[in-house]
Amino acid sequence: EVDWFSLISVISLLCFAPFIVFFFVMACDQYQCSVTQPLFDLVQGKTTLLSIWARAPSFTWSAAKIYAVWVTFQVFLYMCVPDVVHKVIPGYAGGVQDGARTPAGLINKYEINGLQSWIITHVLWAVNAHSLHWFPPTIIFDHWIPLMWCANILGYTVSTFAFIKAHHFPTNAEDCKFTGNIFYNFMMGIEFNPRIGKWFDFKLFFNGRPGIVAWTLINLSYMAKQQELYGQVSNSMILVNVLQALYVLDFFWNEAWYLKTIDICHDHFGWYLGWGDCVWLPYLYTLQGLYLVYHPVQLTNIQALAVLSLGLAGYYIFRSTNRQKDLFRRTEGACSIWGRKPTYIECSYRSSDGGVHRSKLMTSGFWGVARHFNYTGDLMGSLAYCAACGFGHVLPYFYIVYMTILLVHRCVRDEHRCSSKYGKDWTRYTDAVPYRLIPGLF
Ligand code: NDP
């Protein structure tokens, strides 16, 4: 059953999300990243929606070629280059790894080679920039809006394909979820882990490769554009590049761990993930770098240090909290957290086949501070990217607003699921750890 609120949210997102992306990118292209000016101009009749649309660069075949080469190359790296990084770097979990058990009881295998793909892509980027010169390092910025149309074409194609595939040739029919509402099914997905063949996994590929590998390349392209336009790179641009690269590298270093997160464990593959990974993520997660091309903010040393400290502190909390839970769950509590044996609440739950299982919810370490302190760390890091851009415009702050909505919504979604899974044991846990994100506040 899909309630009215979910249905209205789904239809609004389907209708408005592509325009939100267009609006921000267009605001930079036509209004120097001011989000209020186009609105004022529209209200005062100085411009019209049609003239804004007419001034936006349109689809070009050269952008289509760049995009096709980019996606094909990422598919090649994903499918045809087995991971060797785990053989040379100790502690890195790459190669063939197990995912979490699906609702139908399957455990999928994944070829984890994201870190390797990221390294190869970036080494080639650097070699091209310094010696080959096949294309300018500003290529992404120079084709930014035409590339957006290509990303949309891929995003809509892949979500439509996933929708049709789920109806006619699902990878695993028992893991499909039909709600009876076509919009909800299209947006939130029907198939749990759609695949082509044995190894091409839609979720792992689209989340990581066209989206997250691109993230750092896009930022590098913005940095190159600043250098070309102003003859130097601002410290804020370096900070944004470094902090976001840390987050991206963390993602790939822990790619096997991400197989156990909500995106892969609970979400189905539809427009939300397909279009979101192709368009929303590369276009809106990189708004700070785009803004800094138009406004090269130079921070004072104190300001830069404050941004760096906030970003690193956020990263430390985000990573340590996730690591604590991972260690706790892997060792079933037989580990040391902050130098002590962890405390926890014993829980039981019933799976759909009627079996009763046991689990543990940790109440010490960062998991004793708040129930989603990993999200708090993520939000601190996100705020640091935005703060690097100074306070001249609101556009770079879109990211922290969006991440707050995303992660608060995720908290609510996850807690709803955990509450129905664990029942009164979950209430014992929320009594022991009363706050979600910020102790004493929320
Ligand atoms: P979590 O890693 O927080 O996982 C939540 C699950 O952990 C719960 O469903 C429950 O699962 C288990 N759990 C909850 N409390 C405890 C506890 N006290 N002890 C042990 N296990 C517990 O959530 P996500 O998968 O959403 O997030 C993973 C990371 O990814 C986060 O750091 C988040 O910030 C980041 N992220 C980033 C996004 C981005 O766009 N940048 C988007 C989404 C996430 P169970 O049923 O097993 O008990």
Each residue of the range 273-285 in turn: what ³J(HN,Hα) in whole Hz from Karplus with 6.51, -1.76, 1.60 and θ = phi - 60°, glycine and Pro shown as x? 8, x, 5, x, 6, 7, 10, 4, 4, x, 8, 9, 6
Give the long-range amide H neighbours of VAL96: residues separated by 5 or more places, or on another chain, with amide H under 5 Å away, using H modelled in the peptide plane at 1.01 Å from N. ILE112
Return the long-range amide H neighbours of ASN108 (sequence gap of 5 or more, or a different chain), with a cut-off of under 5 Å between placed amide H atoms. GLY99, THR102
Solvent-accessible area, 1.4 Å probe, carbon plus sulfur percent, for the chain: 66 percent
Enumerate the residues in the range 4-44 having an amide nitrogen under 17 Å from the point lying 7 Å beyond the Cα of ALA54 toward its Cβ. 30, 42
Trypsin sites (Lys or Arg not before Pro) in the range 179-216 lying in a DSSP loop, each with at most 11 other Cβ atoms within 10 Å of its Cβ, come to LYS198
In whole Hz, what ³J(HN,Hα) sequence does the range 388-396 give by Karplus (6.51, -1.76, 1.60; θ = phi - 60°), x for Gly and Pro? 4, 8, x, 10, x, 9, 8, 3, x
With springs connecting C-alpha atoms under 10 Å apart, model the chain as a Gaussian network and identify which of GLU255, GLU415, GLU111 has the largest mean-square fluctuation. GLU415
Arrange the peptides 281-291, 400-410 so that the one whose residues have, on average, the most other Cβ atoms within 10 Å appears first. 281-291, 400-410
Could you state the accessible area per residue of the chain in Å², with a 1.4 Å probe and every protein chain left in place? 47 Å²
Expressed as an acute angle from 0 to 90° and rounded to the nearest 10, what is the orientation of the C-alpha long axis of helix 373-387 relative to the principal long axis of the chain? 10 degrees
With θ set to phi - 60° and the Karplus curve 6.51 cos²θ - 1.76 cosθ + 1.60, what are the ³J(HN,Hα) couplings of the range 186-200 in order, to the nearest whole Hz, using x for Gly and Pro? 5, 6, 8, x, 10, 6, 7, 10, x, 9, 10, x, 7, 10, 7
Quick one: which residues, 5+ away or cross-chain, put their amide H under 5 Å from the amide H of TYR344? H built at 1.01 Å from N. THR363
Between 0 and 90 degrees, rounded to the nearest ten: what's the tilt of helix 61-80 against the longest Cα principal axis of the chain? 30 degrees
For the chain, what does the helix formula give at 222 nm: sum of -39500 (n - 2.57) over DSSP H segments with n ≥ 4, over the residue count, nearest 500 deg cm²/dmol? -18500 deg cm²/dmol
Which lysines have a Cα lying under 30 Å from the Cα of LYS203, excluding residues fewer than 8 positions away in the same chain? LYS65, LYS87, LYS109, LYS165, LYS177, LYS260, LYS325, LYS360, LYS421
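The values are calculated or read from the model by the stated rules, or taken from the named source; none is laboratory data. The shown structure was predicted, so the numbers you read here are calculated from the model rather than taken from an experiment. Ideal geometry is used to build each Cβ from the backbone, glycine not excepted, and the neighbour counts take in all protein chains shown. Please note that ligands, DNA and RNA were not included when accessible areas were found on the heavy atoms of the full protein model with its side chains. Shrake-Rupley method; radii C 1.70, N 1.55, O 1.52, S 1.80 Å.
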